[in-house]
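Contents: one structure, followed by commentary.
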Amino acid sequence: SQQGEEDPQALSIQEGENATMNCSYKTSINNLQWYRQNSGRGLVHLILIRSNEREKHSGRLRVTLDTSKKSSSLLITASRAADTASYFCATDNFGNEKLTFGTGTRLTIIP
Amino acid sequence: DGGITQSPKYLFRKEGQNVTLSCEQNLNHDAMYWYRQDPGQGLRLIYYSQIVNDFQKGDIAEGYSVSREKKESFPLTVTSAQKNPTAFYLCASSIVQGTSYEQYFGPGTRLTVT
């Protein structure tokens, strides 16, 4: 079952602009992670935020988590052509190693 | 060079044939996973294994089988009972660090059944 849903499904922006994508989930979580997938490739882990954290930064990435709204956002600042990819959120529950992935946002950076 | 390898990258089979997808990791991870991805969709969990000689069904296990005889290997067999086997298959592994479950993915195998 798909726990998370990303919004929007697709996003196109000009290079240099910021990109924001959102993830909503249904049940209580332990951690929320964001992954990137280049076309036809495996997923690459970007960042993990714990349920007791509200914001986390990693380079040009900023992730927020609002457990009261069961939602998270991923902000990519100063986008580059190489950021073109699909982005997925994934959640896990306490004591369970399984991840449940969302449906993904397809991001296109226009040079 | 540490990581997860999947072979082959592309696989073609005739309907009615079983096919086995390979997944090997040298990360010394305890847990391994198989996912299926259909075009424009997220990942759906097929099977996972937390320890050698043990595995559990995921959300869409019907028509698939796995084995975990060695820590580094977790092959997936797509049987003829799988009604719609054409898809992109991804293998992943993870090590539990405290309560974090970051997964490392292989490059995937694209299976086409005609």
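Quick note: the coordinates plus some simple rules give every number you see, no bench work behind them. In this text, all values refer to a predicted model and were calculated from it rather than measured experimentally. Counting neighbours? That spans all protein chains shown, and the Cβs are built from the backbone with ideal geometry, glycine included.
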remark   = Reported set for region B:97-114 where residues are part of a loop (DSSP other than H, G, I, E, B) and under 25 Å from A:THR91 (Cα atoms) is B:GLY98, B:THR99, B:TYR101, B:GLU102, B:GLY106, B:PRO107, B:GLY108
Some residue of region B:81-96 being in a strand (DSSP E or B), out of contact with any His (no Cβ under 6 Å at 6 or more places or on another chain), exposed (fewer than 13 other Cβ atoms within 10 Å of the Cβ) and within 11 Å of another protein chain (Cβ to nearest Cβ) = no
message = Condition first: hydroxyl-bearing (Ser, Thr, Tyr), away from every other protein chain (no Cβ under 14 Å) and either touching a strand residue (DSSP E or B) at 6+ places or on another chain (Cβ under 6 Å) or loosely packed, with under 14 Cβ neighbours inside 10 Å (or both). Now tell me which residues in region A:51-76 satisfy that.
response = A:THR64, A:SER68, A:SER71, A:SER72, A:SER73
request  = Being touching a Leu at 6+ places or on another chain (Cβ under 8 Å) and among the aliphatic types (A, V, I, L, M) is the filter here, so list the residues in region B:46-66 that pass it.
outcome  = B:ILE46, B:ILE60, B:VAL66
Unique residue being more than 24 Å from A:ARG50 (Cβ to Cβ) and within 10 Å of chain A (Cβ to nearest Cβ) when the list is B:PRO107, B:PRO75 = B:PRO107
query = Could you list, in sequence order, the residues of region B:24-35 that are assigned to a strand (DSSP E or B) and within 11 Å of another protein chain (Cβ to nearest Cβ)?
reply = B:ALA31, B:MET32, B:TYR33, B:TYR35
task = Pick out, from region A:60-109, the strands (runs of 3 or more DSSP E) lying fully within it that include 1 or more residues that are without any contact (Cβ under 8 Å) to a residue 40 or more places away in the chain and more than 10 Å from the chain's Cα centre (by Cα).
result = A:61-66
ask   = If you scan region B:3-23, which residues turn out to be aromatic (Phe, Trp, Tyr) and away from every other protein chain (no Cβ under 13 Å)?
value = B:PHE12
query = What are the residues in region B:36-69 that are under 17 Å from B:LYS83 (Cβ atoms), part of a strand (DSSP E or B) and more than 12 Å from chain A (Cβ to nearest Cβ), if any?
reply = B:TYR64, B:SER65
